[in-house]
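The values are calculated or read from the model by the stated rules, or taken from the named source; none is laboratory data. This one's a predicted model, so the numbers in the text were calculated from it and none came from an experiment. Cβ: placed from backbone, ideal geometry, glycine included. Neighbour counts: every protein chain shown.
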Amino acid sequence: MLYREAGQFKTTYVADQQIFPILQDRVFVLAVTVVAFLAVPMFASPYLYTEILIPFLILSLAAIGLNILVGYCGQVSLGTGGFMAVGAYAAYNLWLRVPEVNNLVVVFLFGGVMAAAVGILFGIPSLRIKGFYLAVATLASQFFLDWLFARVKWLTNYTPSGSVAVGNLSVFGWKIETPADRYLLILGLVVLATLVAKNLVRGHIGRSWMAIRDMDIAAEIIGFRPLRTKLTAFAVSSFFIGVAGAMWAFLRLGAWEPLAFDINRSFQILFMVIIGGLGSLLGSFLGAAFIVLMPILLNQLPGWFGIRMSTALLSHLEFMVFGAMIVFFLIVEPHGLARLWAVAKEKLRLWPFPH
Amino acid sequence: MAGRVRSFPDVLLSVANISLSFGGVKALTDISFDIAKGEIRAIIGPNGAGKSSMLNCINGFYHPQQGAITYKGVRRSQMRPHEAAEQGIARTFQNIALFRGMSTLDNIMTGRNLRMKTGLFWQALHIGPAQREEIEHRKAVERIIDFLEIQHIRKAPVGQLPYGLQKRVELGRALAAEPELLLLDEPMAGMNIEEKQDMCRFILDVNDEFGTTICLIEHDMGVVMDISDRVVVLDYGRKIGDGVPDEVRSNEAVVAAYLGVSH
């Protein structure tokens, strides 16, 4: 009854091509954004910020980046952690060595640009190799980058264990000190980045990625250049991932070592993309929410029901239930949570008169 | 039932002594013919005659070992498929090669990719030049959608469409590039009689209204003889006939290839 586009006629192509053509969607998204910016800071606790909202938002951005590459352009990558590390350490070195640039936005953008450059470099083999083989090639990039940040001491400013720390952060004169500051900065950047990603995937660049993904031979025959298209996807994807890596290091961790961006991080982001939904920006958020929230929920659940358990058992149980849920979701809906959401919306359009 | 007799003075594309082999298998042997500007040229032949290989050579997907292709007066050697597209050659495929994850509209929009120039920056903002460009090309695509009578499936994912409509969307995608030479690989394969009639009408209209030169492969002899201006006949990778439909119909080698010959 409530969710229906009946009567919403589009008389211009601009109106027809907007991001949310249905009025109810626009209202909903606007409401969520307003709540996130205005209502959340009124009640959120530091725990909610640092353990839930901040990780969720930053990893969503990384998942959007990876989704552009895997979901939209069809190029499998296992190097996400490495590209995040490039973003983090590039940002760190700019922040450390050019203290005049005391502006996190500039620092993060630099991290993103450097990650994009490295992404292009490791994307070159994608012209020749596809599928699993490309996954293995990007896995090599992950190990190489891990090695690079552990061994090339200049990158970590010659600290003994490679562990670096940042502090005294600000953006255009706004001092970033409390968790609420960090949350608002991250939220603003993630909203902007999501808008940029959406604009890219609905324009001709996004169509070129999807054409390569769906049928690369036909794409080439109608005029797309495969290498250029794939490298654009690698660059844009790595840019987002690099920015997410820099944000993770600066605003989530504060002090970190190369291990923070190891292969497990790559798998974590890839799971988010697969569970959330390949080729869907909404799916990137849903996947990140699932992966961030589910372990916390599983951890708390026995306590809520008054069941006492040893911590060891609890953490093992968490792994088992989590693994089982991933398998369950992939069997029930291989296209991810975003597809479930789309199906629900489709049903809602007809409800309560499905015929 | 005789084909239309029209005359076409200018040669758009000529193929000279093309030979193509895969290892020891000779797909094409010493093929020469030309396609005149504005005509509908059919390539026919039994299965495995090398028809699709011929189209693949023309749009740069295969590189023949011998011979030369002259297009718009320029003799060319090795050419990549996207270069052929840039010079105005578009095609459809025998097995539908649509982008299955995208809507009809987006599929046809991809056909205009070579005309869309705005870079990453404007695309990321989707304002100003990027939006103007998108609208301008959307208008062109909507004209094609109207022309092919597929307005009702504009937003539908192409993977869910019936076969006949998918063929039509694929034709739309090729037309969106506004090609000078349109290669159609079995545009009517697997269609029922009504769908074939529709497709014939579209092909003739494209040729009449836009002046597009068309080179098509087709197995339905009735269709070929009706709509094409000239016909090339291939058999086992060799050319065995070439001419207006009536000449080809009475050519003994062609009759033998199709019906067999008594010894």
Is at least one residue of the range B:160-180 away from every other protein chain (no Cβ under 14 Å), touching a strand residue (DSSP E or B) at 6+ places or on another chain (Cβ under 7 Å), surrounded by 17 or more Cβ atoms within 10 Å (Cβ to Cβ) and part of a helix (DSSP H, G or I)? no
In the range B:63-90, how many residues are touching a helix residue (DSSP H, G or I) at 6+ places or on another chain (Cβ under 6 Å) and not in a helix (DSSP H, G or I)? 2
I'm trying to understand the selection: among the residues of the range B:82-98, which are at pLDDT below 90 and within 19 Å of B:ILE35 (Cα to Cα)? none
Sort out which residues of the range B:107-156 are assigned to a helix (DSSP H, G or I), touching a residue at least 24 places away in the same chain (Cβ under 8 Å) and either more than 10 Å from chain A (Cβ to nearest Cβ) or within 21 Å of B:ARG201 (Cα to Cα) (or both), and write them in order of number. B:ILE108, B:ALA140, B:VAL141, B:ILE144, B:ILE145, B:PHE147, B:ILE153
Quick check on the range B:90-106: of everything there that is over 17 Å from B:PRO162 (Cβ atoms) and more than 9 Å from chain A (Cβ to nearest Cβ), which residue is nearest to the chain's Cα centre (by Cα)? B:GLN94
Report the residue count in the range A:93-109 for those that are out of contact with any strand residue (DSSP E or B) (no Cβ under 6 Å at 6 or more places or on another chain), touching a residue at least 40 places away in the same chain (Cβ under 8 Å) and not polar (S, T, N, Q). 5
Filter the range A:20-29 down to the residues that are more than 20 Å from B:GLU142 (Cβ to Cβ) and within 14 Å of chain B (Cβ to nearest Cβ), then identify the one that is surrounded by the most Cβ atoms within 10 Å (Cβ to Cβ). A:ILE22
Pair list, Cβ under 6 Å, 6 or more apart: the range A:212-235 residue more than 8 Å from every other protein chain (Cβ to nearest Cβ), other residue of a type in the set (Ser, Thr, Tyr) and part of a helix (DSSP H, G or I): A:ILE212/A:THR229; A:THR229/A:SER208; A:LYS230/A:SER126
Identity of the residue in the range A:241-271, of a type in the set (Gly, Ala, Ser) and not in a helix (DSSP H, G or I), that ends up nearest to A:LEU337 (Cα to Cα): A:GLY254
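If you check A:ALA235, A:ALA211, A:ALA180, A:ALA218, which single one turns out to be in a helix (DSSP H, G or I), in contact with a Gly (Cβ under 8 Å, 6 or more places away or on another chain), at pLDDT 90 or above and not aromatic (Phe, Trp, Tyr)?
Numbers: A:ALA211 fails: in contact with a Gly (Cβ under 8 Å, 6 or more places away or on another chain); A:ALA180 fails: in contact with a Gly (Cβ under 8 Å, 6 or more places away or on another chain); A:ALA218 fails: in contact with a Gly (Cβ under 8 Å, 6 or more places away or on another chain).
Of the residues listed, the single one that is in a helix (DSSP H, G or I), in contact with a Gly (Cβ under 8 Å, 6 or more places away or on another chain), at pLDDT 90 or above and not aromatic (Phe, Trp, Tyr) is A:ALA235.
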Report, ordered by the first and then the second residue, all pairs with beta carbons closer than 9 Å, sequence separation of six or more or different chains, a first member in the range A:17-41 that is under 24 Å from B:ASP106 (Cβ atoms), and a second member that is surrounded by 15 or more Cβ atoms within 10 Å (Cβ to Cβ) and among the hydroxyl-bearing types (Ser, Thr, Tyr). A:ILE22/A:TYR3; A:GLN24/A:TYR3; A:ASP25/A:TYR3
Looking for something among the aromatic types (Phe, Trp, Tyr), crowded, with 19+ Cβ neighbours inside 10 Å, in contact (Cβ under 8 Å) with a residue 24 or more places away in the chain and not in a strand (DSSP E or B) - is there at least one such residue anywhere in the range B:95-102? yes
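Is it the case, given these coordinates, that A:PHE240 is within 14 Å of chain B (Cβ to nearest Cβ), within 22 Å of A:THR50 (Cα to Cα), surrounded by 21 or more Cβ atoms within 10 Å (Cβ to Cβ) and of a type outside the set (Val, Ile, Thr)? Walk me through it before giving the result.
Numbers: within 14 Å of chain B (Cβ to nearest Cβ): yes; within 22 Å of A:THR50 (Cα to Cα): yes; surrounded by 21 or more Cβ atoms within 10 Å (Cβ to Cβ): yes; of a type outside the set (Val, Ile, Thr): yes.
When the stated conditions are applied, A:PHE240 passes them.
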From the list A:GLY74, A:GLY82, which residue is assigned to a helix (DSSP H, G or I) and surrounded by 13 or more Cβ atoms within 10 Å (Cβ to Cβ)? A:GLY82
Residues that are in a helix (DSSP H, G or I) and surrounded by 13 or more Cβ atoms within 10 Å (Cβ to Cβ), drawn from the range A:30-55: A:ALA36, A:PHE37, A:VAL40, A:PRO41, A:LEU48, A:TYR49, A:THR50, A:GLU51, A:ILE52, A:LEU53, A:ILE54, A:PRO55
Of B:LEU171, B:LEU183, which residue is of a type in the set (A, V, I, L, M) and in the same structural domain as B:VAL224 (by TED's automatic domain parsing)? B:LEU183
